[in-house]
Amino acid sequence: MFKSKLKLLTMRSNGMGYERRKEVLHNASRGWVNYFKYADAKTALQGLDEWLRRRIRMCIWKSWKLPRTRVRNLIKCGIPQWRAYQWGNSSKGYWAVAGSFMKVAANNRMLKLAGYPSLMEYYDRYHRI
């Protein structure tokens, strides 16, 4: 149920900008984790958190659209220029890219610095034993 809601919020073509997507994801994540704060759902949330980060990376890759933009943004993420050129011109699909080299370019620390939510952070904050 929650996964389907997250899927709707992270659709590639919903036209949501970065800031609006972050806000909506924060609200949905905080509400869902707070509702189940007494349940022992750590394992389920870890898998869902990894899946959500991959969806976020997919949306970021989609928003970069052109190979020229992808190369430029990969370089900004700290990827060497020759590697950024290879990755930016990749013919892989969005989901495959999000699961491979976007894990390096937009790692968990960078997503956190950018302000994207983490289900495990909310779970650790709100979970009552």
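Would a scan of the range 80-94 turn up a residue that is under 22 Å from R20 (Cβ atoms) and touching a helix residue (DSSP H, G or I) at 6+ places or on another chain (Cβ under 7 Å)? Looking through the range 80-94, at least one residue is under 22 Å from R20 (Cβ atoms) and touching a helix residue (DSSP H, G or I) at 6+ places or on another chain (Cβ under 7 Å).
Given the structure, is R53 closer than 19 Å to A106 by Cβ, assigned to a helix (DSSP H, G or I), among the basic types (K, R) and touching a Cys at 6+ places or on another chain (Cβ under 8 Å)?
Details: closer than 19 Å to A106 by Cβ: yes; assigned to a helix (DSSP H, G or I): yes; among the basic types (K, R): yes; touching a Cys at 6+ places or on another chain (Cβ under 8 Å): no.
So R53 fails the test.
Return the residues of the range 60-98 that are charged (D, E, K, R) and touching a residue at least 40 places away in the same chain (Cβ under 8 Å); say none if nothing qualifies. Steps first, answer last, please.
Quick first cut of the range 60-98, residues charged (D, E, K, R) only: 62, 65, 68, 70, 72, 76, 83, 92.
If the condition is that a residue be charged (D, E, K, R) and touching a residue at least 40 places away in the same chain (Cβ under 8 Å), then K62 is the only one that fits.
Per the conditions (1) without any contact (Cβ under 8 Å) to a residue 40 or more places away in the chain; (2) of a type outside the set (S, T, Y); (3) within 23 Å of M1 (Cα to Cα), the sole criterion not satisfied by Q46 is (1).
What residue, among those in the range 1-23 that are buried (at least 16 other Cβ atoms within 10 Å of the Cβ) and in contact (Cβ under 8 Å) with a residue 12 or more places away in the chain, is nearest to L111 (Cα to Cα)?
Initially, the range 1-23 is screened for residues buried (at least 16 other Cβ atoms within 10 Å of the Cβ), giving 2, 6, 9-10, 16, 21-22.
Checking the rest, the ones that are also in contact (Cβ under 8 Å) with a residue 12 or more places away in the chain come to 2, 6, 9-10, 21-22.
Numbers: F2: 21, L6: 17, L9: 17, T10: 15, R21: 13, K22: 10 Å.
The residue in question is K22.
Where a number appears in this text, it was derived from the coordinates with a stated rule and is not lab data. None of the values given here were measured: they were computed from a predicted structure. Don't worry about glycine lacking a Cβ; one is built from the backbone with ideal geometry, like all the others, and counts go over all protein chains shown.
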